[in-house]
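Written below as structure tokens is the structure these notes are about.
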Amino acid sequence: MNNFNFYNPVSIIFGKNTIAELSKHLPQDAKILFLYGGGSIKRNGVYEQVAKALKGFDYIEFSGIEPNPSYETMMEAYEIAKREGITFLLPVGGGSVIDGTKFLAAALCLPEGVEPWGILQGTVEVKQAMPLGCVLTLPATGSEMNGNSVVSRKSTHEKLSFGSPFVMPKFSILDPEVCFSLPDRQIANGIVDAFVHVMEQYLTIPNNTPLQDLWAEGVLRVLIDSAPVVMNEHQNYDAMANFMWSATMALNGIISRGAIEDWSTHVIGHELTALYGIDHARTLAMVLPGNMNVRRTVKGDKILQYGERIWGISKGSKDERIDATIAKTVEFFESLGVPTRLSAYDLKKDTCEKVAQRLAARGVVHFGEAGDITPEVVEKILANRL
Ligand code: NZQ
Ligand code: ZN
């Protein structure tokens, strides 16, 4: 097991009607910026619940944060926050609203004259951030309990991420009932995203992490069991609660401590979103099976463990079991209505080359848990899913 530090200070408030408790967690004297997305919260009653909880507080609103939040939109929020003397940020939404707000939180605390995009390029260090607290409306990213943020720049078609303990939320409110209004597509995306988060931290190289493995397998198990129920009965509280908590646990740092992590499926997937605007989870559903197939030597031992413990695959040669395990994973994603082939998005061979070249141009040329992913391997992984 690798050495590790573990620090997760996010206070989770989970369950029915918990938005009403918001006022207990907000600093009384704060000037609050309440941020949200394209308006789903106005249609499902969440906006009213938040507005009611904010009675008596000094706050203004910023709306219109898009899926795959853009630097351009967040810089509009930046100008408003500076002008209005905002001291606390309250994102209400899915991963995009929360991620955009984390970037804003870090940008607002930079020294005068420093270009905030540098945070995402890795050229500007985050040394402090404005405090934020979240109301989550979409189980998927784990952003509500981690320090990660992914932001896109429209003008350059870049999608980059940063991580900092300073942007971890002070609290996150998770009421499964607010997810009842999610469309099928977002529920399916959320399940796939959380599933692949576990895989990036678990389906790597054995590293004497039996407890972390069991936690990871537990999250996968609950996601698989809840999936058909939440897909068919959006208002099933018990299934939604289990899905929501699993998605948070998939990426709050616990399952990866001491383990060897990959994240190459995300790195490649982000390029597909940046180039073609494909939903984050859908890019992962294409890339992961190709990654497992092409990198079966690196991932082989863990694929066999995952295949046996999650899908009950124990017969056949090593390669046969790996093939059967990949087929089960693909079947699971497809059962949610999430395509796993590039052709489903009209993408062809030139896409494989383009993605490899874009990563190479940014110097991303040896990545993955074994540092074995070169531009040629990126091409192979994508070509495997044409
Ligand atoms: O914008 P509104 O109108 O609110 O609608 C949203 C949006 O259109 C809608 N929605 C959210 N909650 C709803 C709802 N509709 C009905 N009822 C509700 N309760 O869902 C749509 C998608 O929302 P979005 O926030 O974009 O989805 P998600 O949570 O999947 O976030 C995706 C973003 O997170 C990043 C992704 O790259 C992508 O940019 N990620 C962030 C990570 C992190 N911070 O740790 C890790 C992930 O790997 C991921 O990269
Ligand atoms: Zn993800």
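Filter segment 21-46 down to residues that are of a type in the set (S, T, N, Q) and more than 16 Å from ligand 1 (Cβ to nearest atom) and give me whichever is surrounded by the most Cβ atoms within 10 Å (Cβ to Cβ). Working first, answer last.
Step one: filter segment 21-46 for residues of a type in the set (S, T, N, Q), giving 23, 28, 40, 44.
Of the ones still in play, those that are also more than 16 Å from ligand 1 (Cβ to nearest atom) are 23, 28.
Details: S23: 14, Q28: 8.
For segment 21-46, the residue satisfying everything is S23.
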Given the condition closer than 29 Å to L304 by Cβ and crowded, with 21+ Cβ neighbours inside 10 Å, answer yes or no: does some residue in segment 346-353 qualify?
yes
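Any idea which of D225, D193, D184, D238 is out of contact with any strand residue (DSSP E or B) (no Cβ under 9 Å at 6 or more places or on another chain) and within 10 Å of ligand 1 (Cβ to nearest atom)? If you could, list the steps in order and put the result at the bottom.
Values: D225 fails: within 10 Å of ligand 1 (Cβ to nearest atom); D184 fails: within 10 Å of ligand 1 (Cβ to nearest atom); D238 fails: within 10 Å of ligand 1 (Cβ to nearest atom).
Testing whether each residue is out of contact with any strand residue (DSSP E or B) (no Cβ under 9 Å at 6 or more places or on another chain) and within 10 Å of ligand 1 (Cβ to nearest atom) leaves just D193.
What do you reckon, is G269 within 12 Å of ligand 1 (Cβ to nearest atom), under 30 Å from V365 (Cβ atoms) and in contact with a Ser or Thr (Cβ under 7 Å, 6 or more places away or on another chain)? Give the steps one after another, and end with the answer.
Details: within 12 Å of ligand 1 (Cβ to nearest atom): yes; under 30 Å from V365 (Cβ atoms): yes; in contact with a Ser or Thr (Cβ under 7 Å, 6 or more places away or on another chain): yes.
For G269, the condition - within 12 Å of ligand 1 (Cβ to nearest atom), under 30 Å from V365 (Cβ atoms) and in contact with a Ser or Thr (Cβ under 7 Å, 6 or more places away or on another chain) - is met.
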Is it true that A77 is more than 23 Å from M244 (Cβ to Cβ), small (G, A, S) and surrounded by 18 or more Cβ atoms within 10 Å (Cβ to Cβ)?
yes
Condition check for N207: among the polar types (S, T, N, Q), part of a loop (DSSP other than H, G, I, E, B), within 18 Å of G147 (Cβ to Cβ) and modelled with pLDDT of 95 or more:
no
Within 16 Å of ligand 2 (Cβ to nearest atom), touching a residue at least 40 places away in the same chain (Cβ under 8 Å) and small (G, A, S): which single residue out of G85, G37, G94, G15 fits that description?
G94
May I ask you to list the residues in segment 1-30 that are among the aliphatic types (A, V, I, L, M) and not in a helix (DSSP H, G or I)?
M1, V10, I12, I13, L26, A30
Of all residues making up segment 323-359, the number that are more than 23 Å from the chain's Cα centre (by Cα), in a loop (DSSP other than H, G, I, E, B) and in contact (Cβ under 8 Å) with a residue 24 or more places away in the chain
2
The one condition E200 fails out of (1) among the acidic types (D, E); (2) more than 18 Å from K299 (Cα to Cα); (3) within 13 Å of the chain's Cα centre (by Cα) is (2)
Pair list, Cβ < 6 Å and 6+ apart or interchain, from segment 253-276 residues that are over 17 Å from F195 (Cβ atoms) to residues that are part of a loop (DSSP other than H, G, I, E, B) and of a type in the set (A, V, I, L, M):
G258/M1; I260/I205; L272/I278
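Can you tell me which residue among S264, S246 is modelled with pLDDT of 95 or more and farther than 30 Å from C352 by Cα?
Sole residue among the options that is modelled with pLDDT of 95 or more and farther than 30 Å from C352 by Cα: S246.
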Where residues in segment 173-225 are of a type in the set (F, W, Y) and away from ligand 2 (no atom under 15 Å from the Cβ), which of them is nearest to R295 (Cα to Cα)?
W215
Can you tell which of T123, T87 is assigned by TED's automatic domain parsing to the domain that holds T18 and crowded, with 16+ Cβ neighbours inside 10 Å?
T87
What's the number of the condition M145 fails, among (1) within 12 Å of ligand 1 (Cβ to nearest atom); (2) more than 18 Å from the chain's Cα centre (by Cα); (3) hydrophobic (A, V, I, L, M, F, W, C)?
(2)
Tell me, yes or no, whether segment 108-123 has at least one residue that is within 13 Å of ligand 1 (Cβ to nearest atom), modelled with pLDDT of 95 or more and touching a strand residue (DSSP E or B) at 6+ places or on another chain (Cβ under 6 Å).
yes
Restricting attention to segment 197-217, does a residue exist that is touching a Gly at 6+ places or on another chain (Cβ under 8 Å), within 15 Å of ligand 1 (Cβ to nearest atom) and in the same structural domain as G300 (by TED's automatic domain parsing)?
yes
Scanning segment 173-194 for residues that are surrounded by 22 or more Cβ atoms within 10 Å (Cβ to Cβ), more than 15 Å from the chain's Cα centre (by Cα) and not acidic (D, E), the one nearest to P27 (Cα to Cα) turns out to be I173
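The values are calculated or read from the model by the stated rules, or taken from the named source; none is laboratory data. The model shown is predicted, which means the values in this text are computed figures rather than measured ones. Glycine also receives a Cβ, built like all others from the backbone with ideal geometry; neighbour counts cover every protein chain displayed.
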